[in-house]
Structure formats: structure tokens, C-alpha cells
Amino acid sequence: MSAQKGLNLTLKIWRQKNNKTKGQFETYKISDVSTDSSFLEMLDMLNENLVNEGQEAIAFDHDCREGICGMCSLYINGRPHGPDTGITTCQLHMRMFKDGETIHIEPWRSAAFPIIKDLVVDRSAFDRVMAAGGFISVNTSGNTLDANAILVPKEDADNAMDAAACIGCGACVATCKNGAASLFVGAKVSQFALLPQGKVEAKRRVLNMVKAMDEEGFGNCSNTGACEVECPKGISLEVIARMNREYFSASVDQG
């Protein structure tokens with residue numbers, strides 16, 4: 001049985017030294033790419049070729065390469081994380097592409113995610129939104145109640161876990177025509193709002209996180225739904241509706 005032929009591809013990749021300089025697409029050729037390799041392994045191959053030729057390697061984010069951390073966020077052929085669904089870039093395999101295909105690779109495009117270099121963007125805006133309220137304050141003096149001793153309805157627990165699946169990759173922002181982060185913030189608000197441990201600080205949390213989201217320059221949600229479609233963890237638009245209800249309630253109580 002003959003070995004499967006590798007892919008010959010043309011890559012149009014965004015290159016940019018930093019957020020102060022103008023970037024542009026540059027074209028690269030790569031050959032004999034195994035269909036079993038991941039998209040990031042293909043980029044590793046390209047970088048090895050570039051280094052061997054004395055050229056500068058392409059900067060791109062990655063860490064776990066298991067679909068957990070959300071670092072490997074690339075805009076591939078007009079879609080966040082590429083032409084598959086329910087996956088991150090590191091879980092995208094080259095079998096999704098055809099021999100001779102041209103692939104366009106870009107960083108996330110958002111005013112709140114400035115480019116650091118090439119395909120790497122600064123997503124620290126998410127960190128600042130989380131710091132504004134994405135946590136619960138717990139007394140760790142030794143008198144804390146075992147979490148399993150607090151009864152939680154199964155539906156609430158399931159919905160909270162679904163919201164907590166968000167890995168903060170930013171695909172929702174990248175695909176949104178407004179650059180909104182409502183799916184991300186809604187997920188973080190929801191995972192606490194549904195559980196008794198999060199209700200004590202619920203009003204302060206949603207007010208502070210929405211305020212931080214606006215201050216970071218994210219756009220407004222217009223319910224297009226692209227964020228839900230492209231989210232690698234399938235976070236539902238329901239979290240945005242819950243965030244809006246929580247925000248309205250907190251705003252009324254605040255007066």
C-alpha cells in the first residue's frame with residue numbers, strides 16, 4: 001500500500017512587527033504536509049524552513065495544544081479557529097484542507113486586542129475584565145463549608161458548568177462584527193450567578209464586569225449570534241441574556 005501523498009499549500013500570512021507599524025500579507029509555499037498533522041504542526045514546519053533559510057520565524061500563540069488554554073487563536077480563511085466547528089486552532093487538522101489550496105491566516109481583529117507581533121495579539125483586556133469581578137470572595141480561615149454540602153439543582157449545576165467551559169480564547173470577539181465580548185463576559189457572570197456561592201457578590205460582580213468590558217473598548221452586542229456559532233466550547237447565547245437580566249436587576253437595586 002502506497003503512502004498517502006502530502007499536501008502542497010500556499011500560505012498567505014499576516015506579518016507585522018508590532019502594533020505601531022503597518023502589517024501586510026506575505027506569501028509562503030509549503031510542501032509535503034501530512035494530513036494527520038495539526039495546523040500548528042504545519043506552522044512549526046514552516047518556521048523550521050524559514051529559520052533554515054535565514055528568515056525570521058512567524059510569531060504565533062500556543063501553549064497546551066489540547067484545546068484547553070485558548071492561546072492558539074488564529075483567523076483562518078475567514079473563520080476563527082478555521083473551517084471546523086467545536087474546536088480550537090490546535091485541534092484543527094490538515095485533513096480539512098485540499099492539496100493546492102491557498103490558506104489565509106490572520107490574527108484576531110479587534111481594537112481591544114492590539115497586535116503584539118505577526119499572529120500574536122494582546123488579550124489582557126480579558127484579564128482586566130475578570131479582575132473586575134470574575135471571582136468569589138471566600139473565607140479560607142478553616143471554617144469554610146464543604147461545597148458538596150450545599151444543595152444545587154441539577155439544571156443550575158449543568159448550566160453553570162456549561163458556562164464555565166469558556167476558555168477565554170476570544171473567538172467570540174474576533175467573529176463579531178461589533179467586536180463585542182458579551183459571550184465571554186456573559187459566560188463568566190453566568191457560572192457564578194447560577195450557584196449559591198456566587199450570589200453574595202452577584203450584583204457588584206455584573207456591574208463591575210460590564211463596566212470593565214465597556215472601558216476596554218469592546219463593542220455592543222447586536223444578537224447576530226456569530227459568537228455562539230464560532231465558540232469552540234459551544235457557549236450558548238443564553239449567557240448573554242442572563243448577563244443582561246443580572247445587570248438590569250443590579251442597576252435597579254443600585255438606583
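The values are calculated or read from the model by the stated rules, or taken from the named source; none is laboratory data. All values derive from a computational prediction rather than experimental measurement. Ideal geometry is used to build each Cβ from the backbone, glycine not excepted, and the neighbour counts take in all protein chains shown. These accessible areas exclude ligands, DNA and RNA; they are computed on the full protein's heavy atoms, side chains included. Shrake-Rupley method; radii C 1.70, N 1.55, O 1.52, S 1.80 Å.
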Could you work out the helix-only [θ] at 222 nm for the chain, with each DSSP H run of four or more residues adding -39,500 (n - 2.57) and the total divided by the number of residues, to the nearest 500 deg cm²/dmol? -10500 deg cm²/dmol
Would you mind working out the accessible area per residue for the chain, using a 1.4 Å probe, and quoting it in Å²? 52 Å²
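Please tell me the relative contact order of the range 57-119 in percent, rounded to the nearest whole number, where contacts are Cα pairs under 8 Å and at least six residues apart.
Details: 80 pairs, mean separation 21.9, N = 63.
Averaging sequence separation for qualifying contacts and normalising by length gives 35 percent for the range 57-119.
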Going by amide H atoms built from the backbone, whose H comes under 5 Å of the H on ASP61, apart from near neighbours? SER73
Just to confirm a number: summing +1 for Lys and Arg and -1 for Asp and Glu over residues other than LYS17 whose beta-carbon lies under 14 angstrom from that of LYS17, what do you get? +1
Taking the alpha-carbon centre of each part, the distance from the range 136-156 to the range 230-255 in Å is 23 Å
Ordering of 211-222, 123-134 by packing [mean C-beta count within 10 Å, highest first]: 123-134, 211-222
Residues meeting the amide H criterion for LEU7 (H placed from the backbone, H to H distance under 5 Å, 5 or more places apart or on another chain) are ASP32, VAL33, SER34, THR35
As a quick test, which of the pairs LYS177/LYS199; LYS20/LYS98; LYS20/LYS177; LYS98/LYS177 have an alpha carbon distance above 26 angstrom in this structure? LYS177/LYS199; LYS20/LYS98; LYS98/LYS177
Assign one of three labels to the range 114-255, namely rounded, prolate or oblate, based on the Cα gyration tensor with a ≥ b ≥ c the square roots of its eigenvalues; rounded applies when a/c is under 1.5, prolate when it is not and a/b is larger than b/c, and oblate otherwise. prolate
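For the chain, what relative contact order do you get, as a whole percent, if you take Cα pairs closer than 8 Å and at least 6 residues apart?
On the way: 436 pairs, mean separation 48.4, N = 255.
19 percent.
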Which of GLN91, GLN24, GLN55 moves most in a GNM of the chain, Cα contacts under 10 Å? GLN55
Expressed as a rounded percentage, what relative contact order does the range 150-244 have, with Cα pairs under 8 Å and six or more residues apart? 40 percent
Can you list the residues, at least 5 places off or on another chain, whose amide H is less than 5 Å from the amide H of GLY82, using H built in the peptide plane? ILE76
Go through the cysteines of the chain and tell me which have no other cysteine Cβ under 4.7 Å away. CYS166, CYS169, CYS176, CYS221, CYS231
Fraction of accessible area attributable to carbon and sulfur, the chain (%, probe 1.4 Å): 50 percent
